Every structure is written in structure tokens, then in C-alpha cells.
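Working notes, beginning with the structure itself.
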Amino acid sequence: MAKIKHIGQQSVRFEEAPYIIGWGSIAGKKEGDGPLGSYIDQIETDSMMGKDNWEAAEGEFQKKVVKIALHRCGLNIGQIQYIVCGDLQSQLTGCVHGMMEFQRPMFGVYGACSTMGESMSLGAMMVNGGFANYVVAVTSSHTEVAERQFRYPVAYGSQKPLSATWTVTGSGAVILGQQPRGKGPWLKITGVTTGKMMDFGVQDSMNMGACMAPAAANVILAHFDDFDTSIDTYDKIVTGDLGTVGRDILFELTKTKKLDIQGKYMDCGIEIYNNEEQDVHAGGSGCGCSAVVLTSLLFRKLLSGEWKKILFIPTGALLSKISFNEGNTIPGIAHGVVIEREE
């Protein structure tokens with residue numbers, strides 16, 4: 001009988017940890033002009049990517065970033081057993097445009113802006129369980145696509161409240177394998193904590209940080225309980241795109257449980273832009289936000305030895321234009337991934 005790897009209520013511990021053997025990041029001009037521009041593998045000045053529409057352009061971002069990740073680890077697409085892909089578009093249209101050329105078995109997943117955590121978690125389980133040698137986890141977002149789908153087209157010129165965030169145009173990909181490749185140090189996924197849908201009754205689609213903060217708090221608290229560990233275990237606890245509004249709510253929620261994460265905390269949505277110069281209000285958001293920051297800044301910090309272990313928690317607001325127009329509340333979800341450096 002197989003050994004149970006599930007621990008606690010929401011987590012999985014990998015004794016034979018899957019390795020992150022390849023990765024790539026690609027983003028648009030606005031992201032390239034931000035503080036992480038020099039860390040991102042490829043900056044695209046044409047957000048249309050030579051396509052006829054924004055939706056196809058987002059797929060092109062995905063396609064290019066997978067090729068970057070493959071090149072980094074010396075694999076070809078034929079060696080990949082599964083692709084786990086997601087985006088913010090209806091029916092995962094970005095993945096359809098982006099992954100069709102590769103003709104590999106694919107799982108399409110949706111966790112809103114938490115999708116990078118979801119896809120990496122599922123990919124790690126597949127590799128650890130012996131169901132695949134190599135799995136690609138990839139996601140993306142595009143500001144023009146997101147505005148058209150969830151709010152108003154950018155050309156409409158609508159004003160946003162200060163609680164709103166700017167959707168990142170970009171994509172990140174991670175290739176997971178059973179064994180490390182090349183010279184160390186290496187990165188590996190040693191555990192995951194899967195989030196629950198949390199609904200605190202928020203109905204403001206322009207304040208996604210408030211929608212997602214309770215889900216991030218749930219994952220953080222569940223993770224420390226399931227793994228019977230403490231905040232001192234980690235160099236950083238990194239959320240996906242709570243922004244400044246969601247960050248402050250998260251601090252309050254964790255403090256009610258006697259957990260002060262402020263000294264170890266970082267948010268990808270706050271890191272990717274310089275708000276004073278780029279006017280993004282509460283910060284960055286979108287599937288591509290955490291994916292790009294992970295595969296550029298966070299991996300660099302881990303590989304350099306500045307950090308040894310992080311808890312990466314992409315966050316997502318689970319709304320659609322239909323649910324919003326029907327007056328429904330907006331639940332949030334988050335997924336935690338433990339990433340460690342190995343010498």
C-alpha cells in the first residue's frame with residue numbers, strides 16, 4: 001500500500017522532493033520598466049506580440065516562456081509528459097492559443113491569480129507520484145485581456161479607485177523533474193498547502209486584495225499547523241498579488257491568531273512595479289504577476305544563497321463578469337508551495 005503523503009488538513013509533504021529544473025519569465029514593457037526588469041528573462045515591447053488580438057497575444061507569451069524554460073534545462077518539448085496550464089481568460093483561451101503548437105498532454109486549470117501555485121502543486125504531485133518524469137507548469141495574464149473581460153476596455157478610460165490593481169502582462173513557466181540537472185545549487189518543492197475558498201462577503205471587484213487576504217491567511221495558518229513548524233523556518237513568506245490593501249488586511253488577520261508575519265513578508269504585486277513612478281494604485285495583479293516574480297526575483301534570491309527556504313502563496317479572486325453582474329460576493333483562494341535551496 002502506498003505511503004500517505006498528506007499531512008494535517010490541507011497539506012502534502014514530499015520526502016522525495018520534485019526539483020525545479022527549468023524556468024522562464026517574460027513580460028511586457030511596463031513590467032520591464034519596473035524594478036524587476038533586469039531580472040526578467042525577456043521583455044516584449046509589443047504587447048500584441050504580432051497577433052491580431054490581445055487574447056492570442058497572451059497565448060504567445062505562454063508559448064515563448066515555455067521555450068525559455070526548456071532551453072534553460074536542455075530539454076525538448078517531446079520529453080515533457082504533461083503541461084499544467086491556466087490563465088484568466090474565459091475557457092482558458094490563452095492556453096489554447098499558447099499550448100496548441102506543443103501537442104503534449106495538457107491539464108487546463110483555473111485558480112484565478114493563484115493559478116501558478118495550483119499548477120506547481122499538481123505538477124509536483126504528478127512527478128513525486130511517479131506519473132511523469134517532467135511536467136511544465138505555466139500561467140499568464142495580460143492587462144488588456146483582463147480589463148476587457150472583467151471591467152472595461154482600457155480605451156474606455158474609466159477611473160479606478162485606489163484599491164484597484166494593475167494586471168501584469170507576462171507569463172512564467174516552471175519545469176519539474178524527479179532529479180536535478182546540471183551543477184548545483186538546485187531548487188526543489190518540499191511541500192504544498194492547498195487553499196480553501198474563503199468568502200468574507202466582499203462585492204467590490206476593484207478591491208481584489210480584500211477578497212483574497214482571508215484565503216492567504218487561511219493557507220498560512222493551516223500550513224504552520226499542518227507542518228508543525230513556525231515562521232522562523234522561512235526566509236520569506238511571499239503572497240501573489242494582495243497589493244497594499246490586501247497586505248494590511250492579511251497582517252490584521254494573522255495577528256488575531258497571534259502570528260506576526262510582517263518581518264518575513266513580501267508580496268509579488270508590490271514588488272513588480274514602482275508605484276510612485278508607474279501609478280498602479282494598490283500594486284500588480286493577475287496570474288502573470290506571481291509567476292513572473294517567482295521565476296525572476298525569487299529564484300534569483302534562492303539560487304544566490306540569500307534565501308534558503310520560502311513559502312510561496314499565489315492568491316486569487318474567484319469572480320467572473322457573470323457572477324459579478326448577478327451581485328454575488330467574491331470568494332478568494334490561495335495555494336502555498338514550499339520551495340527550498342539544495343546545495
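Since every read-out is calculated from the coordinates, none of them should be taken as a lab result. Since the model is a prediction, treat every value here as computed from it, not as a measurement. Neighbour counts run over all protein chains shown; Cβ positions are idealised from the backbone, glycine included.
So here's what we get for this one:
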read-out: Point-charge dipole on Cβ atoms (K/R +1, D/E -1) for segment 186-342, about Cα centre, debye to 20; value: 380 debye
read-out: Viscosity 0.890 mPa s, temperature 25 °C, Stokes-Einstein D of segment 15-177 from Kirkwood C-alpha radius, µm²/s; value: 153 µm²/s
read-out: Restraint check, K258/K309; K64/K301; K258/K321; K30/K160; K29/K160, Cα-Cα greater than 28 Å; value: K258/K321
read-out: Reachable aspartates and glutamates, given that their alpha-carbon falls under 15 Å from the alpha-carbon of K236 and they are not under 8 places away in the same chain; value: D260, D267, E271, E306, E340
read-out: Positive-end extreme of charge dipole, segment 186-342 - chosen from T295, L259, A216 (charges on Cβ); value: T295
read-out: Residues of segment 93-112 with amide N under 19 Å of the 7 Å Cα→Cβ point at E326; value: 110-112
read-out: Coil-residue GluC sites (Glu not before Pro) of segment 62-154, DSSP, other Cβ within 10 Å capped at 11; value: none
read-out: Dipole of segment 37-194, positive end: most advanced residue of M48, V109, N76 [Cβ charges, Cα centre]; value: N76
read-out: Cβ-placed point charges (K, R +1; D, E -1), dipole of segment 1-108 about Cα centre in debye, nearest 20; value: 460 debye
read-out: Cα-projected label distance for Q179 with N274, points at 7 Å along beta-carbon direction, nm; value: 4.5 nm
read-out: Per the chain, cysteines lacking a partner by the 4.7 Å Cβ criterion; value: C73, C113, C211, C268, C287, C289
read-out: Aspartates and glutamates whose Cα lies under 13 Å from that of K264, excluding same-chain neighbours fewer than 8 positions away; value: D232, D235
read-out: Charged-residue dipole, Cβ positions (Lys, Arg, Asp, Glu), the chain about Cα centre, Debye nearest 20; value: 800 debye
read-out: Separation between Cα centres of segment 1-64 and segment 275-343, rounded to whole Å; value: 11 Å
read-out: Karplus-derived HN-Hα couplings along segment 129-139 (A = 6.51, B = -1.76, C = 1.60, θ = phi - 60°), whole Hz, x at Gly and Pro; value: x, x, 8, 7, 7, 9, 10, 9, 10, 9, 8
read-out: Selection from V280, G269, I237, by position along the positive dipole direction of segment 228-333 (Cβ); value: I237
read-out: Computed over the chain: relative contact order in percent, which uses C-alpha pairs under 8 Å that are six or more apart; value: 25 percent
read-out: Loop-located GluC sites (Glu not before Pro) in segment 13-87 whose Cβ has at most 10 other Cβ within 10 Å (DSSP); value: E15
